[in-house]
């Protein structure tokens, strides 16, 4: 009686061993590190690694470990002083084609990484880092949309041969067109109403003026899309910083919260987040020569650009489509040749422009230009000087094979990775509207460590108090419950690490609460066993009845708490979600350890034996 089959003991043992393995990396802590990433087509290979090692030798700084990963070169150091010295020197050596991000990485041995066993992420309040609250300029977003309307309406009126005297934005918002004759105004009004039904006309007070504005629902849609695109763009830029678990989310109608745990250089983070960029489609100028343009002989109506590898390209000044008119861009495989391609979708305004240009330029090359304005700061004579560097480069040149408008593809790319990167730039390389940092907060690593120490202290104190109570009140069975409680903590940490969840101070509060709740199931079981013993049942029958009859009560209690945690996660924000996640995981692991874990130990100690009494 009271015995498990061998497979069940082995299953429980396997789960415990896996839990210990995936929880162990959290004991090793973090070390200061530099993460080097290549941008703008630069190559990250062994030669770059050699240049970095030479640079470190010149300033007599030793790296604890240098590892060339798929997309990053990672250097680990023994202390932050070496990290800071190395960053300054490497940045001077590698230049602007590489991003050098300061970070904190796990100090766990490499064999853990081979098992995909990584420490859980720590939130901003525990690890330290930077917090930004950024406000999106919605007025500028609407203004940009109105400027697109000005360009589109001008093209439409010229195409239909409707003469107008002036076309532009109104100072109080909206558009204004001045016609020469009232007949032209009537034709223009009918044409605009048919082609742009989302524009509503206003009373201009003049019979030769036509005033219009975007409808309220379109304005809200412009603002919503601007916010979404800015969030996506910020997320892509944060990837350059090498942040393990950034938080980038919308707050309210026009604000974005950016939290970067582990980032030790807030100035560098602001430079990357504050960069503004745009994309432009232009036709390649076929009548001029790029070499002549380099010498200063640029044809009228053309501008000189360079590709990422430095190759000069002569493009026409006229812009066909800008990045804010791209609805979607994805990478894939072209059906005919099987080569990598990027599939692009434009909005209606961009589609009309693209159709007109491609219809007239079949067989001619078209280029995609990436323009970025990036703020930078340098130390000059001991003072930090801020400058703005503008990068203009051609990221792709492709030949127009046929006329197209809303949907088209860019082919001729070297690899699927290049297609993926181009799609990423096209989709979210530019901010849809300017942003301003309205709140900035830096949490130092020392404060984060203090929060970790206090949180760990609270868990330990709560854990010890529960251990003492259970051992004193339930004797041997209390010790068994204590062992299950310890394993429950290990499993919580292991699951958080497996999920790569972010642990915050509210998450630690959830773990502390779980410590108290985890023994509830054992209290119910043990009290039921004692009641069965008082009723005169045998020890073996009392054990069996205690576990079987208390199961429904335990399940009801834990399920109701789990439902509350799910609701907290669904309706809460960052800190509340962290609390709900650890609470939910703790409930599930405690049911396993309190029911199956303790039952397995009790069966091993008391099962299959004739007992006179129980130490409970």
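Miscellaneous remarks
- Sole exception among (1) without any contact (Cβ under 8 Å) to a residue 40 or more places away in the chain; (2) surrounded by fewer than 17 Cβ atoms within 10 Å (Cβ to Cβ); (3) touching a strand residue (DSSP E or B) at 6+ places or on another chain (Cβ under 6 Å) for residue 116, by number: (3)
- Verdict on residue 53 being assigned to a strand (DSSP E or B) and either surrounded by fewer than 19 Cβ atoms within 10 Å (Cβ to Cβ) or without any contact (Cβ under 8 Å) to a residue 12 or more places away in the chain (or both): no
- Of the strands (runs of 3 or more DSSP E) entirely within the stretch 104-197, those holding at least 3 residues that are in the same structural domain as residue 214 (by TED's automatic domain parsing) occupy 164-169, 175-179.
One line per residue, one yes/no per condition, for (1) part of a loop (DSSP other than H, G, I, E, B); (2) surrounded by fewer than 18 Cβ atoms within 10 Å (Cβ to Cβ); (3) modelled with pLDDT of 85 or more:
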position: 580; (1), (2), (3): no, no, yes
position: 584; (1), (2), (3): no, no, yes
position: 591; (1), (2), (3): no, no, yes
position: 594; (1), (2), (3): no, no, yes
position: 600; (1), (2), (3): no, no, yes
position: 604; (1), (2), (3): no, yes, yes
position: 611; (1), (2), (3): yes, yes, no
position: 616; (1), (2), (3): yes, no, no
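One line per residue, one yes/no per condition, for (1) in contact (Cβ under 8 Å) with a residue 40 or more places away in the chain; (2) touching a strand residue (DSSP E or B) at 6+ places or on another chain (Cβ under 6 Å); (3) more than 16 Å from residue 2 (Cβ to Cβ):
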{"site": "550", "(1), (2), (3)": "no, no, no"}
{"site": "563", "(1), (2), (3)": "no, no, yes"}
{"site": "577", "(1), (2), (3)": "no, no, yes"}
{"site": "616", "(1), (2), (3)": "yes, no, no"}
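- Test: residue 162 is crowded, with 17+ Cβ neighbours inside 10 Å, in contact with a strand residue (DSSP E or B) (Cβ under 9 Å, 6 or more places away or on another chain) and under 30 Å from residue 319 (Cα atoms): yes
- Selection status of residue 362, outside the structural domain of residue 38 (by TED's automatic domain parsing), assigned to a loop (DSSP other than H, G, I, E, B) and either at pLDDT 85 or above or within 33 Å of the chain's Cα centre (by Cα) (or both): yes
- Residues of the stretch 323-342 that are in a strand (DSSP E or B) and surrounded by fewer than 19 Cβ atoms within 10 Å (Cβ to Cβ): 327, 328, 330, 332, 333.
The values are calculated or read from the model by the stated rules, or taken from the named source; none is laboratory data. Worth saying up front: this structure is predicted, and the values here are computed from it rather than measured. For neighbour counting, all protein chains shown are included, and Cβ atoms are generated from backbone atoms with ideal geometry for every residue, glycine included.
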